[in-house]
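Undergrad: The structure that follows is given in the form of structure tokens.
Values in this text are rule-based calculations from the coordinates and carry no lab data. Worth saying up front: this structure is predicted, and the values here are computed from it rather than measured. Positions of Cβ are backbone-derived with ideal geometry, glycine not excepted, and every protein chain shown enters the neighbour counts.
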Amino acid sequence: MADRSAGQREWRVTGMDCGSCAAKVRGAVERLPGVAEVEVALMAERLRLTLDEAQTSPEGVEKAVRGVGFGIAPWGARPEKPTGGFVLPDGAFPGAAEPSEAESGIEAATPPSEEATAPSWYGTAKGRLVLGTGALLGVAWASRLFFPAEIAHWAFVLATLIGLVPVAKRAFAMARARMPFTIEMLMTIAAGGALVIGEAEEAALVVFLFALGELLEGVSAGKARDSIRALSKLVPKTARVEVGGDTREVSADRLQVGQVVQVRPGDRVPCDGEVIDGTSGVDESPVTGESVPSPKEPGAEVFAGSINAEALLRVRVANAAEDNTIARIIRLVEEAESARAPTERFIDRFSRVYMPAVVGAALLVAVMPPLFFGQPRGEWVYRALALLLIGCPCALVISVPASIASALSTGARNGLLMKGGAVIEAAARTTHVAFDKTGTLTHGKPRVTDVSVLSGSVDDLMALAAGVENGASHPLGQAICAEAERRGVDAAAATGGRALPGKGAEASIDGAIVSVGSPRLANERGALTDDLRTRVSALEAEGKTVVIVLCGDVPRGLIALRDEPRADAADAVAQLRDLGISSIMLTGDNPRTALAIAEGLGIAHRSELMPEDKVTAIRDLTTDARVMMIGDGINDAPALAAAHVGVAMGSGTDVALETADAAILRNRVSDVAAKIRLARAAMSNIRQNIAIALGLKAVFLVTTVLGITGLWIAILADTGATVLVTMNALRLLLFRPSGAGPVAEPTSRHTSDATSESASATS
């Protein structure tokens, strides 16, 4: 017997055009027993929920969704067409065709790719409805010229009924699903009421305009989806794999970790991997937005979707297709839709009250004037019907998610990832930005500048230091090991190595405990003599970081390192200042080095901070400011979590994509300002959309009650407003978060772990 335990299930739902469509799908399944945690992502066309199959089967969920007129299929399977007669079928959106079999390997991570040619608008169900109702309306108008008025009247009645049947079917399906207040029900009542009071011509026009608006909504929603779906096309469909000395062309989605592929000049890289042979410039702009090709040589990492520009590269596959950089970016962008902004949640709550209130107001308009003031019943019923159409909240409901989806897509194309609307809203409100130093404001690639020996030889000192730091992931530890290798010094054999968070690292070498750490560590152990303190101060005054090598509690020597600021760091701080945002650098480094870096960048700073001190500093700032923290994603994880928005630096790393609230895929500090500009543009776009949606309804509500506008104008107030807010949201796809920008730097992958605090107090 199949396992009937509760678990998470996913489906692809087709035919959703706006926020109210997503609400209908959600409402249809939420009422089912055993269904919980329902998430409907409009732009991703994804339904995700927790299902207890002992109470409701997956087939029951699919039946409920089909019952309200949408197509549904398990996520990754071949999608089906919506069932509603006027609902846009799958593939009707540009770029929304069904997947080919060759793409099945990545369907679990991304929506099915679009290989087949999407039908033109007139080949879709909605397109046919528009053409059909338009033709009937034209025939009805033409009949006036050749037939008596009575016959023309019945022609309009016929045109109305034929166009209204699929709408009414959907309305009653929604009502059975306990969702009576829908635009379809309002349309059915309004058009049917218009027929009853003898306004057949206007009823036919309203049905046609409604069908036209639905078609435009579908096309607009498809445009918004296109920009996200286009990411999946960055990965080539085939790859050249080396097998037993031969090269074979295989499907890229079937590549396995460890295989070696050849990437010819001009080809896209088919996988995440490591270069094992060849030297070439690789254009990573499709992935990170970085316009300058990044030089790649053996040992360098490449990302799926990037373009090899110069010479043949042999690349060892590092990640399976469903877990490559492009797939993870798409997954992040789509999942971000579920993290709804506070504004969006408020709009949803408001719309649930708003529509019943409008229906009640329409009922009062139809009843009160004739009943108490002797007004003509037919005239006020007509006005009430128009008011019903104005009351639909479709434009209001989609005003926020459409803008959020466009902003997420624009960010992804520019290497700026944000995990949902809540993060965008928080980023737009940022007043202070706190930066980590090493690897964020600086390159994270320090080099040894001075080696001062107190006892023994330079080679002995470097051997001890490299032995302790062997395998370290912190930039300072790596720099010490690199310097020892450059000098031809072998690292001493060490055991029992461990990190001393915020202070350094230590290990056992030849039976003695050897430590490589900050002057703070030496001071705690009573090893910081006056002479040593003077030497340390002189080096730190030059902006260098100093570590002391201790054997037991006896100092053996000093090693000084310097990490230069990034080329765009000062410009980034200036851009933030122009945006009215204050910046501060939080570092564990010594005060003199921190001051030297901070003065060069024009930024405030706090130094000698332990990891817990950074958290305290962030919490102090958040008491009266909105704080964004920029760090490497692991070393600064507590501080990232404490800030209102945590942003991880890195190029396609697990850290950059899966920790913090946002990520910068290219190592450009100026992208921090770009991220905030994008967030502010998105919130401005949302405010514009809300103003359009509510403003149009307010104007037409007044004019309708006063008898100035009628039914056909009322339907424009609904579908017209929906199309307007969607098109306005699409403007964000053209937004450029940053201009030409400062000097670009090659991207690199920064990873770190628990030992990343070794070598010094810096981070």
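Undergrad: Return the loop-located trypsin sites (Lys or Arg not before Pro) in the range 127-179 (DSSP other than H, G, I, E, B) with at most 14 other Cβ atoms within 10 Å of their own Cβ; answer none if there are none.
TA: R178
Undergrad: Turning to a different aspect of this structure: Compare the peptides 185-194, 601-610, 567-576 by average per-residue count of other Cβ atoms within 10 angstrom and give them in order, highest first.
TA: 185-194, 567-576, 601-610
Undergrad: Let me ask another. I'd like to compare 626-632, 273-279: which one has the highest average count of other Cβ atoms within 10 Å, and what's the full order after that?
TA: Highest to lowest by the protection proxy: 626-632, 273-279.
Undergrad: Which of the peptides 254-265, 499-510 is most tightly packed, and how do the rest follow, judged by the mean count of other Cβ atoms within 10 Å per residue?
TA: So the order, starting with the most tightly packed, is 499-510, 254-265.
Undergrad: Compute the length gained on full extension between R487 and A691: take 0.36 nm times their separation in residues and subtract their Cα-Cα distance, giving the result in nm to one decimal.
TA: Going from the current span to full extension adds 66.7 nm.
Undergrad: If I take R0 = 45 Å and measure r between the Cβ atoms of E564 and D52 in this structure, what FRET efficiency does the formula 1/(1 + (r/R0)^6) give, to the nearest 0.05?
TA: That gives a FRET efficiency of 0.20.
Undergrad: Describe numerically, in nm with one decimal, the distance between label points set 7 Å from Cα along Cα→Cβ at R731 and at E37.
TA: With each label placed 7 Å out from Cα toward Cβ, I get 3.9 nm.
Undergrad: Cross-link partners among lysines for K24, C-alpha distance below 30 Å, same-chain residues fewer than 8 apart left out?
TA: Excluding near neighbours in sequence, the set is K63, K81, K126, K169, K223, K419, K697.
Undergrad: Using 0.36 nm per residue, how much length does the chain from D450 to S508 gain when fully extended, once their Cα-Cα distance is taken away?
TA: My answer for the length gained is 18.4 nm.
Undergrad: Please provide three numbers in whole Å: the alpha-carbon extents of the range 552-710 along the principal axes, with the largest listed first.
TA: Taking max minus min along each principal axis of the Cα atoms, the range 552-710 gives 94, 33, 27 Å.
Undergrad: Might you report the magnitude of the Cβ-based charge dipole of the range 496-539 about its Cα centre, with Lys and Arg at +1 and Asp and Glu at -1, to the nearest 20 debye?
TA: Once rounded to the nearest 20, the dipole reads 160 debye.
Undergrad: Treat each spin label as a single point 7 Å out from the Cα along the C-beta direction, and report the L145 to I197 distance in nm.
TA: In this crude spin-label approximation the distance works out to 3.1 nm.
Undergrad: If I stretch the segment between A538 and R498 completely, what's the gain in nm (0.36 nm per residue apart, minus their alpha carbon distance), one decimal?
TA: Once the chain is fully extended between A538 and R498, it gains 11.5 nm.
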